Amino acid sequence: MTALDVVRLEDVCVSYDGTPALEGINLKVAEHDFLGIIGPNGGGKSTLLKVILGLIKPERGMVTVLGNPPDRSRTKIGYVPQYSNYDHNFPVSVIEVVMMGRYGKAGLLKPYGRVDRAAAQKALTRVGMLDHAAAQIGQLSGGQQQRAFIARALVSEPQLLLLDEPTASVDSAMQTDFYELLEHLKEEMAIVMVSHDIGAVSVFVDKIACLNVQLYYHGSREITPEILEATYKCPVQLIAHGDIPHRVLREH
Amino acid sequence: MFEAFQFEFMRNAMLAGLLASVACGIVGVYVVVKKIVSMSGSIAHASFGGIGLGYLLKFNPVLGAMIFTLLSAVTMGLVTRRTKLPEDTAIGILWALGMALGVIFIGLSAGYAPDLMSYLFGNILTVPFTDILLMAALDVIILTLVIAFYKEFLLLSFDEEFGIVVGMPVDALYLLMLCMVALTVVVLIRVVGMILVIAMLTFPAALARQFTHDLKKMMMLSVVFGMLFTFGGLWISYALNLASGATIILLSGLVLLLSYAVTGLRGKVKARGGPA
């Protein structure tokens, strides 16, 4: 018996007011995959994540998550939205934010209980943020906030983790720590991460895909200049993989 | 001031102030953190249509206001969620339509409209006991909703998109929150008037936010500030013979601005690494 695909997209098309955002997307994510999706801003990266979450219904094509339509699998998806999506002065503590991830388990009208608090503390421990549990969310640094939001995604014990531009707010010194955390997490779940930061993504992910309305997917993490150019519509920096990651700049 | 307590109208005024502070303190916190201040202002002004209807059909204008605020809250919620009409356009339309209807209804009602000014600008000294009972009932409903839906309203205010992801019925909860605002407007109308309601929904909560990062503490502080402003304003208006509703608002506005000024100065001192 073959393992069930965690995510499966077949010929998915989405458009906003007639302008295509995603066109003919085919994608498979297996268990323990760590897939990085890169592409320019406005290339449909966030849209693709929202299709996987079931927040956007495609006009054409089929989406399944863990064998079911996305809205039925949502409790098994952990989602880390883009950093800028909330009010940083909001009067809420880190542990309260993390407990929001337990909503699906607690359900409507039932207050969070001791089990939920324990799960939140465990998730904060995993991301190394337990000491900051009582802090107001906006008092943390960008990297710490990102960890708190990953804890919120982990607290429901997901089988799929979706990250939208997770490194945008993380300073470069913290990025390696951050990717090491993801390395550990992929032992337990599939991870899909979108980013416009080509350098960072390609070093740590197992598989890479380029997205600009269409998806250029090729399983391995080797990117050819042709694929990058097709994605970005201009020559770009190309990263070569070796023992030490380094960049090769092609002629412009 | 103390001899004033022996009068029934003064006791009623204190009771009205107390009930109004509870509603505006708690719901005001959501209005501020969810950033629906203009939305709430629109709902408050639309209540004038109901007040006018009350005059025209000769029933309690406060009940008319309740019908109109609830209707406009639901309309507002549905229009902003289900159509592409920009939110601030919807706010403007509802705001003006409600007021216009009120003016027409009052014009149509025979004779002159007694104590119309008290609905527009509030008069805490003339709140009848039946309205106090209504205010108490609405306070109970609001408190029950906030306790029951605390975690839902927190998530709704903080990160709606994540609420959808974890399967929360965000649109229904948003409607419920707007209806709570509508009921709070009704509680406040007699105290500060429909035009100034928005101040009581904003000032105490905004001031409380200066002192805490905890939503529950913010609600409690905001209720306390609401009471201090109401009673302080009432006392000043009594001593200086000023309009009570406007005095309450002016007092709370001044304290809020003062608190912002102090915070701003402190921030500057800190930024300069100033005196220890």
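May I ask you to say which residue of A:39, A:44, A:24 is touching a helix residue (DSSP H, G or I) at 6+ places or on another chain (Cβ under 7 Å) and within 24 Å of residue A:60 (Cβ to Cβ)?
A:39
Conditions tested, residue by residue: (1) within 13 Å of another protein chain (Cβ to nearest Cβ); (2) more than 20 Å from residue A:28 (Cα to Cα).
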{"residue": "A:149", "(1), (2)": "yes, yes"}
{"residue": "A:152", "(1), (2)": "yes, yes"}
{"residue": "A:172", "(1), (2)": "no, yes"}
{"residue": "A:189", "(1), (2)": "no, no"}
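With the stretch A:126-240 as the region, which helices (runs of 4 or more DSSP H) entirely inside it contain at least 1 residues that are at pLDDT below 80?
Where helices (runs of 4 or more DSSP H) fall fully within the stretch A:126-240 and carry at least 1 residues being at pLDDT below 80, they are A:172-185, A:198-204, A:225-232.
Scan the stretch B:148-179 for residues that are farther than 19 Å from residue A:87 by Cα, buried (at least 19 other Cβ atoms within 10 Å of the Cβ) and at pLDDT below 95 and jot them down.
B:166, B:168 - these are the residues of the stretch B:148-179 that are farther than 19 Å from residue A:87 by Cα, buried (at least 19 other Cβ atoms within 10 Å of the Cβ) and at pLDDT below 95.
State the number of residues belonging to the stretch A:27-54 that are farther than 12 Å from residue A:211 by Cβ and touching a residue at least 12 places away in the same chain (Cβ under 8 Å).
The total comes to 10.
Taking only pairs six or more apart or across chains, which ones have beta-carbon atoms under 8 Å, a first residue in the stretch A:194-215 that is more than 16 Å from residue A:177 (Cβ to Cβ), and a second residue that is of a type in the set (Lys, Arg) and modelled with pLDDT of 75 or more?
A:194/A:45; A:195/A:45; A:196/A:45; A:206/A:186; A:211/A:45
Does any residue of the stretch B:55-67 turn out to be touching a Pro at 6+ places or on another chain (Cβ under 7 Å), assigned to a helix (DSSP H, G or I) and within 30 Å of residue B:108 (Cα to Cα)?
So in the stretch B:55-67, the residues touching a Pro at 6+ places or on another chain (Cβ under 7 Å) come out as B:55.
Those left that are additionally assigned to a helix (DSSP H, G or I): B:55.
From what is left, the residues that are within 30 Å of residue B:108 (Cα to Cα) are B:55.
Within the stretch B:55-67, one or more residues are touching a Pro at 6+ places or on another chain (Cβ under 7 Å), assigned to a helix (DSSP H, G or I) and within 30 Å of residue B:108 (Cα to Cα).
Could you grab me the full set of residues in the stretch B:31-49 that are surrounded by fewer than 24 Cβ atoms within 10 Å (Cβ to Cβ) and touching a residue at least 24 places away in the same chain (Cβ under 8 Å)?
Within the stretch B:31-49, B:33, B:34, B:36, B:37, B:38, B:41 meet the criteria.
Across the stretch A:28-83, what is the number of residues that are assigned to a loop (DSSP other than H, G, I, E, B) and either surrounded by 22 or more Cβ atoms within 10 Å (Cβ to Cβ) or not aliphatic (A, V, I, L, M) (or both)? Show your work before the answer.
Taking the stretch A:28-83 first, the residues assigned to a loop (DSSP other than H, G, I, E, B) are A:30-33, A:39-44, A:54-59, A:66-67, A:69, A:81-82.
Remaining after also requiring either surrounded by 22 or more Cβ atoms within 10 Å (Cβ to Cβ) or not aliphatic (A, V, I, L, M) (or both): A:31-33, A:39-44, A:54, A:57-59, A:67, A:69, A:81-82.
Count: 17.
Table: residues versus (1) touching a residue at least 60 places away in the same chain (Cβ under 8 Å); (2) in a loop (DSSP other than H, G, I, E, B); (3) touching a Gly at 6+ places or on another chain (Cβ under 6 Å).
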site	(1), (2), (3)
B:22	yes, no, no
B:51	yes, no, yes
B:70	yes, no, no
B:79	no, no, no
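Can you find even one residue in the stretch A:66-79 that is touching a residue at least 40 places away in the same chain (Cβ under 8 Å) and more than 12 Å from chain B (Cβ to nearest Cβ)?
There is at least one residue in the stretch A:66-79 that is touching a residue at least 40 places away in the same chain (Cβ under 8 Å) and more than 12 Å from chain B (Cβ to nearest Cβ).
Please work out which residue is farthest from residue A:164 (Cα to Cα), limiting yourself to the stretch A:133-147 and to residues that are within 13 Å of another protein chain (Cβ to nearest Cβ) and crowded, with 21+ Cβ neighbours inside 10 Å.
Here the answer is A:137.
Could you grab me the full set of residues in the stretch A:52-65 that are touching a Gly at 6+ places or on another chain (Cβ under 9 Å) and either farther than 17 Å from residue A:104 by Cα or away from chain B (no Cβ under 13 Å) (or both)? Before the answer, list the steps.
Here is the first cut: in the stretch A:52-65, the residues touching a Gly at 6+ places or on another chain (Cβ under 9 Å) are A:60-61, A:63, A:65.
A:60, A:61, A:63 - these are the residues of the stretch A:52-65 that are touching a Gly at 6+ places or on another chain (Cβ under 9 Å) and either farther than 17 Å from residue A:104 by Cα or away from chain B (no Cβ under 13 Å) (or both).
Among all residue pairs at least 6 apart or on different chains, which show Cβ distances below 9 Å where the first residue, located in the stretch A:110-121, is facing chain B (nearest Cβ under 10 Å) and the second is assigned to a loop (DSSP other than H, G, I, E, B)?
Listed pairs, sorted by first residue: A:112/A:102; A:116/A:102; A:116/A:155.
The values are calculated or read from the model by the stated rules, or taken from the named source; none is laboratory data. Given the structure is predicted, the values throughout are model-derived calculations rather than measurements. In this analysis, Cβ positions are derived from the backbone assuming ideal geometry, glycine residues included, and neighbour counts consider all displayed protein chains.
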